[in-house]
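Asks: My questions will all concern the structure given below.
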There are 4 protein chains.
Amino acid sequence: MTLDRTDPEGSIAEAAKAYSNWGRWGADDVLGTLNFLDEARRREAATLIRRGVSFSLAQSFDMDGPQKGWRRRTNPVHTMLDTGTDAALGLQGFPHGLGGADDVIAMPLQCSTQWDGLGHIFDHGKAWNGRDAAKTVTSEGDLVTGIEHMAPHVAGRGVLLDVGRTIGEDGELPDGFAITEEHLTATAGAQGVTVGRGDIVLVRTGQLARTRRDGWGDYAGGAAPGLSFTTAGWLHGSEIAAIATDTWGFEVRPNEFDVAFQPLHQVAIPNIGLLIGEMWDLEALAADCAADGAYAFWLTAAPLPITGAVGSPINPIAVK
Amino acid sequence: MTLDRTDPEGSIAEAAKAYSNWGRWGADDVLGTLNFLDEARRREAATLIRRGVSFSLAQSFDMDGPQKGWRRRTNPVHTMLDTGTDAALGLQGFPHGLGGADDVIAMPLQCSTQWDGLGHIFDHGKAWNGRDAAKTVTSEGDLVTGIEHMAPHVAGRGVLLDVGRTIGEDGELPDGFAITEEHLTATAGAQGVTVGRGDIVLVRTGQLARTRRDGWGDYAGGAAPGLSFTTAGWLHGSEIAAIATDTWGFEVRPNEFDVAFQPLHQVAIPNIGLLIGEMWDLEALAADCAADGAYAFWLTAAPLPITGAVGSPINPIAVK
Amino acid sequence: MTLDRTDPEGSIAEAAKAYSNWGRWGADDVLGTLNFLDEARRREAATLIRRGVSFSLAQSFDMDGPQKGWRRRTNPVHTMLDTGTDAALGLQGFPHGLGGADDVIAMPLQCSTQWDGLGHIFDHGKAWNGRDAAKTVTSEGDLVTGIEHMAPHVAGRGVLLDVGRTIGEDGELPDGFAITEEHLTATAGAQGVTVGRGDIVLVRTGQLARTRRDGWGDYAGGAAPGLSFTTAGWLHGSEIAAIATDTWGFEVRPNEFDVAFQPLHQVAIPNIGLLIGEMWDLEALAADCAADGAYAFWLTAAPLPITGAVGSPINPIAVK
Amino acid sequence: MTLDRTDPEGSIAEAAKAYSNWGRWGADDVLGTLNFLDEARRREAATLIRRGVSFSLAQSFDMDGPQKGWRRRTNPVHTMLDTGTDAALGLQGFPHGLGGADDVIAMPLQCSTQWDGLGHIFDHGKAWNGRDAAKTVTSEGDLVTGIEHMAPHVAGRGVLLDVGRTIGEDGELPDGFAITEEHLTATAGAQGVTVGRGDIVLVRTGQLARTRRDGWGDYAGGAAPGLSFTTAGWLHGSEIAAIATDTWGFEVRPNEFDVAFQPLHQVAIPNIGLLIGEMWDLEALAADCAADGAYAFWLTAAPLPITGAVGSPINPIAVK
């Protein structure tokens, strides 16, 4: 596809038209590409559980996270309603020596490892499936495609594409590196794995390891490796169910147009209906895949069914 | 075991002593009975994925939930940072027709479907493994056994014990019904399923269906069916990895002593080291199990790795 | 003015037209009737400080408040980041014996004693001064008339109209009692006080005392005494700066039309530009006024300058 | 008093002993030095309202504030429950053309302009009046000296000591500048104002103007001008009711001992019982005082009565 740096509007329009899935699963669809993840695919994926070893692909949820306040996104604030300290002093009023601790969290749903729901991004006022954004996501939340609709579905075949290890130096792609379809294909080939319909694809850039050494800086959305805008066709044609990266923003930063903000999101979410994950921690899994050569696995990444949410914090679990 | 209604303190002490797992997995253990869930058990469990059908076992997270303010527990408050309504009006300042929606949540970690972490309950100032509660869970959270340590582990064999369907009327146990070891064994027998080491056991009472008809009332912790205090021995001896119910409080309410509050928790969490789940929605899964007769399945119920948390909201996924 | 129970739309339109202050203080106005409260009025009001006694007119902010979840309004959730319990155990890491306690709150700005800002209510898509509601209050808050603009202004002459004591039985008006201009005038006359331009008028119904005896029930917005829709003319013509009641909703509940929701708000806020306070605790002040016969006083009721807020919790202070 | 840089423990102990007010107002006292602010003092202060001009001394409450995450302190997160944007589209379900906007805030009580309550700081496990910190401030909040007890009291005579203008260059003291009793006395003398019993003293360093030019940096508690530890005697002997500065931390930063954290707090709050304000915006008031030469005024700075809080956001209002 074309990519004219001076014309994001035109490129987006072209890609949106070419790769739209509007209407593909009916007018009432609330799942988008998750429709590709069917029971048959799940049965095949189950056979990938061979050793019984499991990996959490979530970053921790705490004040050390990437959100510094941009657009009112903060790191999660976790506080205690009751503590062991109080309990030990007998201050809680419970009988027979019982003590308890409870807790509370206040957090953006986009604060750490997460899914972007279908109501997270709009294209010229249109939400997924061509719906009017204004009537889909109000201040009451996503009234149509809230993340709760995805609650039972996100369990199937996961495939790691460790582009950082295959193409980068010391396992990391540099900031600003745009991952193209060729990079994805080359990585799959080098790893001996095939991406197929209904897969949940995990793209490792290696940037997370770098942020752990160097910090996130003032703005987690700064320069980073990520998917090129030109992968829109692959995202559509591969018929994957979902895709996630280990970066803040999924696509390459800065974006590939002179003036732009997350143009690939604008094609992928409202037009393709693609489920996108961000800030996944793929380090331990990637090391294991490099060691045993098995890049496909059983993956469960269930969003919390927060009614009307346009995203959800998650703890994805890969089992090999 | 004995149960003298007038002596919770004595009964708890007796059970705590008889069923303690302190030291069983070393002085540094942070997993408790999750240690029973090993890779071999996971490999066996994977074979239970036969049809590829998946079930979410989570209630929704919204203002219709059970928490009405007791001990500062509220239902989750979900608000939007940006909306489609704003986006459609071009008020967001993004280029090339991009619009976005973000959201925020404030919620107790105990507000809906959840795991109780090992730091959730203390016995006479002692936390799991005999630790000093005062130094384990402070206002900074659980410094030792925070739920983040469980992040990769909760994936394995789930077994549904549908006591409501087997023993109740119209699929529901009445409020105040104490489920004993005999009921659990009889249910397993009737269902043709065996509970084993490392299993995640789901006990359906049917009360959730009732609360959906009648509401939770002023206090979700009111009268409810649940496990009898006398099941402590079974919880210990069965070597299960975790257990969850469809009720607010896991154990029978009112509790079985004249003056008491959650005495089985006091044995199970700090002494046995047992992972306990509450307010799971087992309705759809139970209906499916009744239909196909398969009561064991692959289960993933991954807590969010909130650093220092004593519990976590979850969306458990069962796959058959 | 007319009040046809079957035609709230017509009555509102008539009142909005008759009592509009749009343009009165220029196209850029962000203060509404607070413009009436000028320096001269403040100088006069200062002379009302005679005894030096001060009263807080705020209800407490805690879980015992009136908000039970309607439209996601909860009571305030106050949690501790650090405690004396931790400090006493030396767990905080500070030098030389220092200990500290910090806290956090999550609350609707409308949860307890409050001001409704000018962006709180709209009339057919129009905000105060005729502005387009859609461009005035977005999910980023009130971009034009945020409560921060009122920060320095709300200090002047307060006048208590204790309608409950003057007209009610045992100091309380019954639920559903509509306070008319005649009731207000009669109360002022009986008390020997005159309401004038720039005053902050406090109307006591006595309902708060009742809710303290009987609780708020499931919905704080249930039946209550309050201002009649027919007082719109008086609210406009009296040129008061602000008005507050001791009830949840300022105006009488149920409202005076067959099908309606807070019709007087719809006239008063967007059309008159009137600052309205709710859930003030007037009990101690009213008892003092009844005792000494002085119903006018110095009043400060400063909103927190939360940028873009459409309301603010307040602790109004009356000094006599 | 002595100040041995190597011995904060000794200096604090000496000052605490010399300046303790424990027991001065009885064993049950919950007000500390606010007891000095009596009705007579309020009557005198009222005469200071001469022009009728009012000033807000609060910084704004928004994401541009000073809190970047230290000890889980964030800036306030303000979100909308309903918006004008939704209302204009008729999405809210209200009758007769009514639209509404509501909002929610999540914030540390120490996030912006504030009072430190008496439960905010402890000295070797002791809270104000000699109470056991462990039993005074638990995870349920300050059970004894919660800020709600101060609700009606903080209205009286305010005195500005503009040390920045009197002693600094261009109206600002440099970071690290320790304001001594001599500086305070010289400033009062230069301004022609006398500080007396029951006063609320406002000390302007000018640092706030600097942070507005240069930002707060990564940590608002970095180097700043502020009160010297050696002012403890003056704070005690002057019998002032309260004191506030325009800085994050009230006392000079870095502190005046080699290894220390807020040692003057440790004397002033638990031992003197002094009400301390931080991050006040004194800029507009100070400019006015410099212009008219009147440095005393009527001041109302009412904390929100958040039950059990150890501090409160405030909007202090000065009237001259």
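Asks: In the stretch B:203-220, whose amide N lies under 19 Å from the spot 7 Å out along Cα-to-Cβ of B:Asp170? List them in ranges.
Replies: B:204-217
Asks: Suppose a student asked you for the relative contact order of the stretch C:118-260, using Cα pairs under 8 Å spaced at least 6 residues apart; what percent would you report?
Replies: Dividing the mean separation by the residue count of the stretch C:118-260 yields 24 percent.
Asks: Sorted from shortest, what are the nm distances separating the label point of A:Gly26 from equivalent points in the other copies, each placed 7 Å from Cα along Cα to C-beta?
Replies: So the distances to the same position in the other copies read 5.3, 5.9, 7.3 nm.
Asks: Which of the lysines could a cross-linker bridge to D:Lys17, judged by Cα under 28 Å and excluding same-chain residues fewer than eight apart?
Replies: D:Lys126, D:Lys135
Asks: Could you give me the ³J(HN,Hα) list for the stretch A:297-311, computed from phi with Karplus coefficients 6.51, -1.76, 1.60 and θ = phi - 60°, whole Hz, x at Gly and Pro?
Replies: With the stated coefficients, the stretch A:297-311 comes to 7, 7, 9, 10, 9, 8, x, 5, x, 7, 4, x, 6, 9, x Hz.
Asks: Further question on the same structure: Taking amide H positions as placed 1.01 Å from N in the peptide plane, with prolines and chain starts having none, which residues 5 or more places from C:Leu202, or on another chain, fall under 5 Å of its amide H?
Replies: Here the answer is C:Val159, C:Leu160, C:Leu161, C:Ala244, since their amide H atoms fall under 5 Å of that of C:Leu202.
Asks: Further, regarding this structure: Among C:279-285, B:257-263, how do they line up by average Cβ neighbours within 10 Å per residue, starting with the highest?
Replies: C:279-285, B:257-263
Asks: Using a Gaussian network model on chain A with a 10 Å cutoff between Cα atoms, which of A:Leu89, A:Leu31, A:Leu275 fluctuates the most?
Replies: Most flexible of the set in this elastic network: A:Leu89.
Asks: Continuing with this model, one more query. Any idea what the relative contact order of chain B is, in percent, if you count C-alpha pairs under 8 Å spaced at least 6 apart?
Replies: Numbers: 727 pairs, mean separation 99.1, N = 320.
Relative contact order of chain B: 31 percent.
Asks: Let me ask something else about it. Over what distance in Å are the Cα centres of the stretch D:80-132 and the stretch A:209-276 separated?
Replies: 35 Å
Asks: Taking R0 as 41 Å, what FRET efficiency do you get between B:Asp4 and A:Asp292 from their Cβ-Cβ distance, rounded to the nearest 0.05?
Replies: Here the calculated transfer efficiency is 0.15.
Asks: Return the long-range amide H neighbours of B:Glu251 (sequence gap of 5 or more, or a different chain), with a cut-off of under 5 Å between placed amide H atoms.
Replies: Residues meeting the amide H criterion: B:Leu227.
Asks: With an 8 Å cut-off on Cα pairs and a minimum separation of 6 or more residues, tell me the relative contact order of the stretch C:1-97 in percent.
Replies: It comes to 11 percent, rounded to a whole number.
Asks: On average, how many beta carbons from a partner chain sit within 10 Å of the beta carbon of a residue in D:128-136?
Replies: Taking the mean over all residues of the peptide, I get 5.
Asks: Still on this model: When each copy gets a label point 7 Å from Cα toward the beta-carbon at A:Arg43, what are the spacings between them in nm, shortest first?
Replies: Here the equivalent label points are 2.4, 9.0, 9.2 nm apart from this one.
Asks: Keeping all protein chains in place, calculate the accessible area per residue for the protein assembly as shown (probe 1.4 angstrom), answer in Å².
Replies: That works out to 29 Å² per residue.
Asks: So the label point sits 7 Å from Cα along the Cα-to-Cβ vector; using that for B:Gly233, what distances do you get to the other copies, in nanometres, sorted shortest first?
Replies: Between copies, matching label points for B:Gly233 lie 7.1, 7.4, 8.3 nm apart.
Asks: Then there is this: Rounded to the nearest 500 deg cm²/dmol, what is the calculated helix-only ellipticity per residue at 222 nm for chain D, with -39500 (n - 2.57) per DSSP H run of length n ≥ 4?
Replies: -6000 deg cm²/dmol
Asks: Would you pull out the residues with amide H under 5 Å of B:Ala101's amide H, same chain only if 5 or more places away, H placed 1.01 Å from N?
Replies: Excluding prolines and chain starts, which carry no amide H, the hits are A:Ile121.
Asks: Rounded to the nearest 100 Å², what is the buried accessible area between D and C, both sides summed, probe 1.4 Å?
Replies: Numbers: alone 13780 and 13790 Å², together 20520 Å².
Protein heavy atoms only, the D-C interface buries about 7000 Å².
Asks: Within 10 Å of each Cβ in peptide C:115-125, how many partner chain Cβ atoms are there on average? Round it to a whole number, please.
Replies: Mean number of neighbouring Cβ atoms from other chains: 5.
Asks: May I pose another question? Given a 1.4 Å probe and every protein chain left where it sits, what share in percent of the accessible area of the protein assembly as shown is carbon and sulfur?
Replies: Within the protein assembly as shown, the accessible surface is 49 percent carbon and sulfur.
Asks: Suppose R0 equals 56 Å; then what is the FRET efficiency for C:Asp38 and A:Thr47 from their Cβ-Cβ distance, rounded to the nearest 0.05?
Replies: Plugging the Cβ-Cβ distance into 1/(1 + (r/R0)^6) gives 0.10.
Asks: On to the next question. Take the Cβ-Cβ distance between B:Asp218 and D:Ala190 as r, set R0 to 56 Å, and report the resulting FRET efficiency rounded to the nearest 0.05. Show your work: numbers first, answer last.
Replies: Values: r = 63 Å, r/R0 = 1.12.
Calculated transfer efficiency: 0.35.
Asks: Please enumerate, by chain and number, the aspartates and glutamates with C-alpha under 16 Å from the C-alpha of C:Lys68, excluding those fewer than 8 residues away in the same chain.
Replies: B:Asp62, B:Asp64, B:Asp218, C:Asp214, C:Asp218, D:Asp102, D:Asp103
Asks: When you look at the Cβ of every residue in A:258-265, what mean number of other chain Cβ atoms sits within 10 Å?
Replies: Mean inter-chain Cβ contacts per residue within 10 Å come to 3.
Asks: Can you compute 3J(HN,Hα) from phi for each residue in the stretch A:262-274, using the Karplus curve 6.51 cos²θ - 1.76 cosθ + 1.60 with θ = phi - 60°, rounded to whole Hz and x for Gly and Pro?
Replies: Ordered by residue, 3J(HN,Hα) equals 6, x, 5, 4, 5, 7, 6, 7, x, 9, 7, x, 8 Hz.
Asks: Determine how large the accessible area of B:Glu39 is when every protein chain is in place; take a 1.4 Å probe and give Å² rounded to the nearest 10.
Replies: For B:Glu39, the solvent-accessible surface is approximately 80 Å².
Asks: Take the Cα radius of gyration of the stretch C:52-198 and divide it by 2.2 N^0.38 Å, with N its residue count; two decimals is plenty.
Replies: 1.51
Asks: Round to a whole angstrom and tell me the spacing of the C-alpha centers of the stretch A:285-320 and the stretch A:169-195.
Replies: Here the two parts' Cα centres lie 19 Å apart.
Asks: Now for a separate question. Could you derive backbone 3J(HN,Hα) for the stretch C:151-159 from the dihedral phi with the Karplus parameters 6.51, -1.76 and 1.60 (θ = phi - 60°), listing whole Hz in sequence and x where the residue is Gly or Pro?
Replies: Working through the residues one at a time gives 3, x, 8, 8, 9, x, 8, x, 10 Hz.
The values are calculated or read from the model by the stated rules, or taken from the named source; none is laboratory data. Please read all numbers here as calculations on a predicted model, not as lab measurements. Cβ sites come from the backbone with ideal geometry, for glycine too, and all protein chains shown count toward neighbours. The accessibility values were calculated without ligands, DNA or RNA, using every heavy atom of the protein model including side chains. Shrake-Rupley method; radii C 1.70, N 1.55, O 1.52, S 1.80 Å.
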